[in-house]
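Heads up: the structure comes next, in structure tokens.
Please treat every number below as a calculation from the coordinates, not as lab data. Since this is a predicted model, take the numbers as computed values, not measurements. Because the Cβ atoms are built from the backbone with ideal geometry, glycine has one as well, and the counts that use them run over all protein chains shown.
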Amino acid sequence: MKYGYFDKENREYVIQRPDTPLPWINYLGSENYCALMSNTAGGYSFYKDPRERRILRYRYNNVPMDRGGRYLYLRDNKTKDFWSASWQPVLKKLKIKDQKAKSNSDYEYECRHGLGYTIISSEYSGIRTKTTYFVPLGENLEIWMLEVKFEPKKGALGVKSRDLSLFSFVEFCLWDALNDMTDYQYNLNIGETKVEENIIYHLSRYRVEQNLVGYFACTNVTAKGFDTQRKDFMGNYGNWSAPRAVVEGKMNNSLAVGWSPVGSQMFNFNLKSGETKTFIFVLGFTENIKEPLTKAEKFEDPNVIEKELEKLKNYWGGNLNNYSVQSEDPELDLMVNTWNQYQCRTTFNWSRSASYYESGIGRGMGFRDSNQDTLGFVHMIPEKVKERIIDLAANQFEDGSAYHQYSPLTKKGNGSGYGDDHLWLTVSIPAYVKETGDIRFLETEVPFVGGEKGTIYEHMARAINFSITHLGPHGLPKIYFADWNDCLNLTQEKEKAESVMIPQMVVYGAREMAKMAELIGKKEDIKKYNQIATEMTKKVNKVAWDGNWYIRAFDEDEEPLGSSKNKEGQIYLETQAWGVLSGAAEKDQAIKCMDSVRKHLWTQHGIMLMTPPYSKFIPKYGSICVYPPGLKENGAIFCHPNPWAMIAECIMGRGDLAYEYYKAVQPAAHNETADLYKTEPYVYCQMIAGKHHKDFGEGKNSWLTGSASWNFVAVSQWILGIRPDYEGLLVDPCIPKAWKGFQVKRIFRGSTYYITVRNPEGVSKGVKSVTLDNKRLTSNLIPPDKTGGKEHHTEVIMG
Ligand code: GLC
């Protein structure tokens, strides 16, 4: 069953029925103002920090689901019938497209999620609506533009004009989203609103913050009335589907002094047959009380709105222009050219803070997560990645370890004690340098937590140093609270548990350090880091090789996890893939461990994180065994490490396998099976239920996940093989043998490369010749064009 389709031309995903298995959402706003927007106008907005500056209230885990949003109610004043422009929350009976309409009055719908905007259209009883929602570039506000048209159905006689009312509605959050849902003795007494010149102001003070202003206004039509106290709009014991004001067709002009501030305005209007009326709303945040009026004036003209939307589209077009492909797989093209990059930008902005599965109050910018999020974004706006890396490095301690996360508002860190966080700097920083060639960045000084200053290079050096000096009984780095696998919380009473993935990361990081040392002329460090990598490799291969695969960790009692000796949790994916991608695995080990992945972990829906899942709680393993078998870290198909397996396969030259793994988790490939997959077919989800779960194949936790970046890296840099390196752009595809070739346009260090890859001999890997502007190169590394700004044509023959 499918709920929508990709409109390739317009870069939109078009949802044709509103009752999707889960809300299918979009993110509006790309800088400080963010609006989560579902396909039925649910969601909320915040300024910079979803916890401290929450503008709209949203009810997570609510029944019915997805309540709290950007609602517009329409009312026919003659019949007193009413409906919503976004189906929710009134929920009129749907006219199902492939079924003959039974009556004229059934509800029709379409939602177009585009890049930074969403358009929801409806048709009900001859009234068509189209609402365009977006955040204009550089603004801390969102626009809703509603166009209402009376378009009588063919054959409908008699009615020449319609007497209608429109009601806008938002519910304000009392700024601190956690307090808002916990401390009612306090927060039911702080609400305050004011209404002036057609603008509703939300002025509740929160603790010492005196000047936070939310505002909501119709900019081009004067309201007939308003309500800003929820119970006056809803009615006592009223509800979203039939609010009192809409049922009765009148407002109370209520002001909130305490209780629950909302924003609603009513407009009365007539539409003649064929006539359209446009209403423009702004919803925004400011700390300057004078600003709302200026913004209302700025955005009162539909032409201005259209222009702003155009600007936004161009902005996104430009953003996604640095990598595009034309291959034999249209779904791959859709994902790579548009949706995967779009998701990477979103995860870069909001880390794991605010989604439909992350409430925006628990986690800020995760250290481990945000470092990885740079990987799928660095080719778009590297300067932003540079800033992000600096913020992250500033949350590293002098001993080399790091805070687990930091607040996006204050940039202050919190939580610590993970074995891996700091090492992700040795993944993100090399990626930035490879993209930009900016080796000077390594000399940038950034203070550690505690004040001591160190260069970016020194930050990486300390990260490695921490892990090679905090070793357990096998000589492997201690795992502490967890490594990448957040739920592997092996008891730490004796502080003995060790990770096998962390030393593999050390190998990876140390090799990158050695290369960077070479670039910046630190001769003694080249040797030092190569030695660290070699020693760690030897150790891992000696103590953590189980015969056919790498074990995963050693617990407090020095017993292995992820070993054939274990009854459950015998094999884990992470250490196989990282064994290969770090370069630690010897050739035969690489083949063996990745063959073991295929044999034990592969399913038609992707590669499970481990198997067999734990069937009961084992206290010394921690929260991994909390989940029922097949969910989350306990044996789900985690979409974040799946691309590590794709990369490993590409390193080994097994392009058919890499591609098969890619297709299994690729969202667009699930478009036709949305009833099973459930989450949005245009973005990656965190996991898919594994084969031990009854809903095997069901996707969960979409949008904010490391799956976005890593899948982009795997497909763009490894399968298609266009990969930035310190000294140029590598062309090293690893594709299905049946592919005849593909084309990529890549903007790299200021020049545009049109790369045509041909595969006449039907191989997966191997480059026979490369020509750059008709001149043959001696290797598959395209040297950077130092003059920049030019176009180059590259032809690559595989074989
Ligand atoms: C979640 C976390 C991430 C962790 C992963 C595996 O996606 O955000 O930090 O690495 O789970 O446990």
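Quote the charge dipole size of the chain about the Cα centre in Debye, to the nearest 20; the model charges only the Cβ of Lys and Arg (+1) and of Asp and Glu (-1). Don't skip to the answer; put the middle values down first.
On the way: 99 positive and 98 negative charges, 331 e Å.
Here the chain has a charge dipole of around 1600 debye.
How would you classify the range 535-650 from its alpha-carbon gyration tensor, with a ≥ b ≥ c the square roots of the eigenvalues: rounded for a/c under 1.5, else prolate if a/b is greater than b/c, otherwise oblate? Don't skip to the end; give the middle numbers.
On the way: a/c = 2.03, a/b = 1.21, b/c = 1.67.
Taking the square roots of the gyration eigenvalues as a ≥ b ≥ c, the range 535-650 is oblate.
Run the numbers on the chain and let me know its relative contact order in percent, using alpha-carbon pairs under 8 Å that are six or more apart. It would help to have the intermediate numbers written out before the result.
Details: 1921 pairs, mean separation 73.9, N = 799.
Computed value for the chain: 9 percent relative contact order.
R0 = 41 Å: FRET efficiency of D19 with V159, Cβ-based, nearest 0.05? Don't jump to the answer; show the numbers that get you there.
Working: r = 29 Å, r/R0 = 0.72.
The computed FRET efficiency comes out at 0.90.
Where a Cα-Cα gap under 17 Å defines reach, which lysines qualify for K539, not counting those fewer than 8 residues away within the same chain?
Excluding near neighbours in sequence, the set is K478, K496, K528, K587.
Roughly how many debye, to the nearest 20, is the charge dipole of the range 307-450 about its Cα centre, given +1 on each Lys and Arg Cβ, -1 on each Asp and Glu Cβ, and no other charges?
Working: 14 positive and 20 negative charges, 97 e Å.
Once rounded to the nearest 20, the dipole reads 460 debye.
Residues of the range 648-691 with the amide nitrogen closer than 16 Å to a label point 7 Å from the Cα of M1, along Cα-to-Cβ, please.
So the set is 671-681.
Determine the gain in length on full extension of the stretch N303-E398; use 0.36 nm per residue of separation and subtract their C-alpha separation, reporting nm with one decimal. Could the numbers behind the result be given before it?
On the way: separation 95, 0.36 × 95 = 34.20 nm, distance 5.43 nm.
In short, 28.8 nm is gained.
Starting from 0.36 nm per residue, how many nanometres of slack lie between I381 and R440 once their C-alpha separation is accounted for? Mind showing how you got there, number by number?
Working: separation 59, 0.36 × 59 = 21.24 nm, distance 1.77 nm.
Extra length from I381 to R440 when fully extended: 19.5 nm.
Once Lys and Arg get +1 and Asp and Glu get -1 on their Cβ, which of I289, H422, V304 lies farthest toward the positive end of the dipole of the range 285-424?
Of the candidates, I289 comes out farthest on the positive side.
For a label point 7 angstrom out from the Cα of N61 toward its Cβ, which stretches of the range 235-273 have the backbone nitrogen within less than 20 Å?
None, by backbone N distance to the label point.
With a ≥ b ≥ c taken as the square roots of the eigenvalues of the C-alpha gyration tensor of the range 338-437, please select rounded if a/c is under 1.5 and otherwise prolate if a/b is larger than b/c or oblate if it is not? Let's see the in-between values first.
Details: a/c = 1.93, a/b = 1.10, b/c = 1.75.
It is oblate, given that a/c is not under 1.5 and a/b is not larger than b/c.
Which lysines, if any, have their Cα less than 27 Å from the Cα of K786, not counting same-chain residues under 8 positions apart?
Answer for K786, where 27 Å is the Cα cut-off: K384, K386, K434, K515, K522, K523, K745, K768, K775, listed by chain and number.
If you stretched the chain out fully between K565 and N211, how much longer would it get, using 0.36 nm times the residue separation minus the C-alpha to C-alpha distance? Mind showing how you got there, number by number?
Numbers: separation 354, 0.36 × 354 = 127.44 nm, distance 6.17 nm.
Gain on stretching K565 to N211: 121.3 nm.
Relative contact order, percent, of the range 1-153 when contacts are C-alpha pairs under 8 Å separated by at least 6 residues? Intermediate results must be reported in sequence, preceding the final value.
Details: 328 pairs, mean separation 31.3, N = 153.
Reported relative contact order: 20 percent.
Please list, by residue number, everything in the range 399-422 whose backbone N is under 15 Å from a paramagnetic label point 7 Å out along Cα→Cβ of E452.
Counting only backbone N, you get 399-402.
What's the magnitude of the charge dipole for the range 48-89 around its Cα centre, counting Lys and Arg as +1 and Asp and Glu as -1 at the beta-carbon? Answer in Debye, nearest 20.
Numbers: 11 positive and 5 negative charges, 40 e Å.
For the range 48-89, the charge dipole is close to 200 debye.
Fewest to most neighbouring Cβ within 10 Å: what's the order for S351, S241, S564? Could the numbers behind the result be given before it?
Numbers: S351 25, S241 16, S564 13.
With the sparsest Cβ surroundings first, the list reads S564, S241, S351.
Let me have the 222 nm mean residue ellipticity of the chain computed from DSSP H runs of 4+ only, each contributing -39500 (n - 2.57), with the sum over all residues rounded to the nearest 500. Please list the in-between numbers first.
Numbers: 20 runs with 196 residues, N = 799.
Value at 222 nm, helices only, nearest 500: -7000 deg cm²/dmol.
So, counting K/R as plus one and D/E as minus one, what does the shell of residues with Cβ under 13 Å around F441 add up to? Each step should come with its number before you reach the end.
Numbers: positive: K386, R388, K434, R440; negative: E383, E387, E435, D438, E443, E445, E458.
Charge balance near F441 sits at -3.
Positive end of the dipole of the chain, charges at C-beta (+1 Lys, Arg; -1 Asp, Glu), about the Cα centre: which of H793, S582, N26 has its Cα farthest in that direction?
Comparing the listed Cα positions along the dipole, N26 ranks first.
Compute the Cα gyration tensor for the chain, then decide on rounded, prolate or oblate, letting a ≥ b ≥ c be the square roots of its eigenvalues: rounded whenever a/c is under 1.5, prolate when a/b is larger than b/c in the other cases, and oblate in all that remain.
Working: a/c = 1.86, a/b = 1.64, b/c = 1.13.
Prolate shape, in that a/c is at least 1.5 and a/b is the bigger ratio.
Which of the lysines could a cross-linker span from K694 if the Cα-Cα distance has to be under 24 Å and same-chain partners fewer than 8 positions apart are dropped?
Leaving aside lysines fewer than 8 places away in the same chain, those within reach of K694 are K2, K567, K599, K616, K632, K663, K678.
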